[in-house]
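So the structure is just underneath, and the comments pick up after that.
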Amino acid sequence: MLRGRFRTKTVCRPFIRLVAPALASFLLLMAGKSNLFADEFRTPSISAVHVEWRAVLDQLRSEIGTRPAVAPSFTFAARRRIAASDPRSTPALVQLNAVTAPIFPGIGRSPVPVLLPFDTAAFLDARSRGVPDSLSLAHYQADFRPVDFFDAGQAGYDATFSLEPGAGDGMPQRTFAKPVEVQITGSILIYDISDPLGGKGEPVKPLAAQFPDLRRFIREGYVRYAFTRFGVPYVVSIQCLDSAPRERRLACREAYPVAERFLKALRIAGGQPSRARADIQPDIAERPTEMSPDFTYRSVGDIIVNSGFRKQGGRPDFTAYSQIRFPLDRIPAFVRSQSFGRRGKSDLPSGGYPWRDNFCESRSFAVGQCPSGFGHQGEDIRPAPCPVTNEGDTHCDPRQQPVRAVRDGVVIRSPKQQAATLQINTANEHIRFRYMHMNPSHMDADGVLNGRRVEEGEKLGVVSNYLDHPNGTTRHLHFDVQVFTRDGWIWVNPYVTLISAYERLIRGHGHEIGPEIAASPAVAHALPEDVVHPDPQEGSENE
């Protein structure tokens, strides 16, 4: 047996010497293919719901019928043999949209029934009795003041109303001294995300008869009320803290009665059937085929070691949630932590690359998509410093580096707020992008406020360092993404979305820095002729 073993080894040496170069080339080729497939990005999976419009018309007939003087103004009998998406098939809704559109512009664009705390029947009844339209809209809106924000599009609608301190008969006194903002969204599109916290909540007994499937829960800094009506998911939410009441911070327990007043007042205010939607299946996201000579990025979910809450790591999410324009104006730009890393020194390596995910860095924000349940909510992006030239660069002011709209959309932002949100509402998307750390007074002066429509690439502001006050943080842009689910608007990791946007901007495919997949072929050339085991260092992380 021993003689045979030595004989086999002797015979194999020429064979190994012959095939080693070919084997090394094959391993190199396969490593290259592994790199190509290891960092494939996917588009999101989105489900479309079916709206029960017959039930909508029955509910509208019931609501209008409470005012006998108004009921004859609406026609509920439709002509037969008309497509369901034809407005003539639902004349009552056409009539309703005509009444409410001056108050809620574009309401007829919503493909789902628009539920708002607006009593159309009472409004029309008062008009028929000669009551002037100048009577405050709050009278017909359960004392909520005129709508702060309303947007309807091909995916659904979103609205924000506010209740002033002391407004509303029978409302309990509260410590919070500012108006309470209540948001509502109804959507025909639902993003299918991996959500370990999804679907939870408790019933609200006083509202069970009106909303049989209503569930209340506190998630990601909001108390939320989720329910389904006419086959459509709706979520009512109020930003709050699950803590004791404070004058400047709304406690969730103070938000409960405001939200429930809002829910009790909901009625059909508009909307119009559209063509049936199909689910949107995930696919491989398009990326440039030519490799960039310098753009590198760390693996998705690979946050700085011990930078997660309780030292937990990140979460890989390879979804490019939308095809966007990169939010900064100039390149290069760098996605990197602004809170962890070497203190007192620049944390940008030579050239600024590789990028590094910081979505799940430790923060006090609840983020259900992070393993620890807490995280950063988005990604920090630092612009490149202005280039140093002999002649001087007159085209770059380090304090005036523009921030751009990533898509055509509508702005959600009240005066003095620190964040500006851009909402996209199309046939295939219902998604939000939030920008932070720009100066609020500058945004107010520039009209970056609720309802403003912007085009992709339009300037929204400049990269700044505002966090509660000027110089409150480093000079960078915080950028995050929210998608609509049955739990409402949920923060998802924008890292891959930003990588793919940057690749389109530089017209080059980035290189993922991760396990040393390409190290084995180089070692294979130096292996002894009689050794076929892999190098023990293979698979170590490439720094």
Subset of segment 225-261 that is over 14 Å from A177 (Cα atoms) and among the charged types (D, E, K, R) - its residue that is modelled with the lowest pLDDT: D242
Checking E286 against (1) in a loop (DSSP other than H, G, I, E, B); (2) more than 20 Å from V496 (Cβ to Cβ); (3) not small (G, A, S), the condition it does not meet: (2)
Among the listed residues V236, V335, V300, V305, identify the single one that is without any contact (Cβ under 8 Å) to a residue 60 or more places away in the chain and over 30 Å from L115 (Cβ atoms). V305
Scan segment 366-385 residue by residue and report those that are of a type in the set (A, V, I, L, M, F, W, C) and either under 17 Å from G198 (Cα atoms) or not in a strand (DSSP E or B) (or both). A366, V367, C370, F374, A384
Name the single residue, out of those in segment 106-136 being hydrophobic (A, V, I, L, M, F, W, C), surrounded by 14 or more Cβ atoms within 10 Å (Cβ to Cβ) and assigned to a loop (DSSP other than H, G, I, E, B), that is farthest from the chain's Cα centre (by Cα). F118
Quick one: which strands (runs of 3 or more DSSP E) sit completely within segment 158-243 and have at least 2 residues that are surrounded by 15 or more Cβ atoms within 10 Å (Cβ to Cβ) and touching a helix residue (DSSP H, G or I) at 6+ places or on another chain (Cβ under 7 Å)? 180-187, 222-229, 232-239
If you go through segment 373-380 one residue at a time, do you hit one that is closer than 26 Å to D158 by Cα and of a type in the set (F, W, Y)? no
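The values are calculated or read from the model by the stated rules, or taken from the named source; none is laboratory data. Here the structure is a predicted model, which is why all the values come from computation and not from measurement. Using ideal geometry, Cβ is built from the backbone for each residue, glycine included, and neighbour counts are taken over all protein chains shown.
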